[in-house]
Amino acid sequence: MEIPGHSPIPKALFWARKALEDDSFPLRDNVTLILSAMENEVKNHCANCRKEAGCSSLKRCVRCLGAWYCGKECQVQHWKAGHKIDCIKRK
Ligand SMILES: [Zn+2]
Ligand SMILES: [Zn+2]
C-alpha cells in the first residue's frame, strides 16, 4: 500500500496536524482520532524495511514527523526511494 514517492501518509498526517492547530476547526475530535489511529498504525513499523518496532522505538523523520525508521540506513534508503517526494516540511 505504501509506495515511496506515492505515500499518502506523511501528507495525511501533515494536514491532520494542521487542522488541529486551528482551535475552531469543527471536526477536531474526529481529526484527533484519525490522527492517533494513523500514527499508531505507521509508527510500529519501519517505513523502509517494514520491520516491527517491538520494544525498541523507531526514529521518526524530523522533517515531516510522518515516517518511522528502525535506523539511519533505512531512513536514507527510504529517502532516496521516494520519501523525499512525500516528505512535507513542517513550518
Ligand atoms: Zn528498517
Ligand atoms: Zn519525512
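Numbers for the structure displayed
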read-out: Positions within the range 1-26 being part of a loop (DSSP other than H, G, I, E, B) and either in contact with a Gly (Cβ under 8 Å, 6 or more places away or on another chain) or farther than 13 Å from VAL42 by Cβ (or both), in sequence order; value: ILE3, PRO4, GLY5, HIS6, SER7, ASP22, ASP23, SER24, PHE25, PRO26
read-out: Residue that is nearest to ligand 1 (Cβ to nearest atom) [pool: residues in the range 48-74 that are over 19 Å from PRO8 (Cβ atoms) and under 13 Å from the mean Cα position of the chain (by Cα)]; value: LEU58
read-out: Residue that is nearest to ligand 2 (Cβ to nearest atom), among those in the range 11-50 that are closer than 19 Å to GLY82 by Cβ and surrounded by fewer than 15 Cβ atoms within 10 Å (Cβ to Cβ); value: LYS11
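Conditions (1) in contact with a strand residue (DSSP E or B) (Cβ under 8 Å, 6 or more places away or on another chain); (2) on the phi < 0 side of the Ramachandran plot; (3) among the polar types (S, T, N, Q), marked per residue:
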| site | (1), (2), (3) |
| --- | --- |
| PRO8 | no, yes, no |
| ALA16 | no, yes, no |
| SER24 | no, yes, yes |
| ALA37 | no, yes, no |
| ASN44 | yes, yes, yes |
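Each reported figure results from applying straightforward, stated rules to the coordinates on display, with no laboratory input. Since we're looking at a predicted model, the values are computed, not measured. Neighbour counts run over all protein chains shown; Cβ positions are idealised from the backbone, glycine included.
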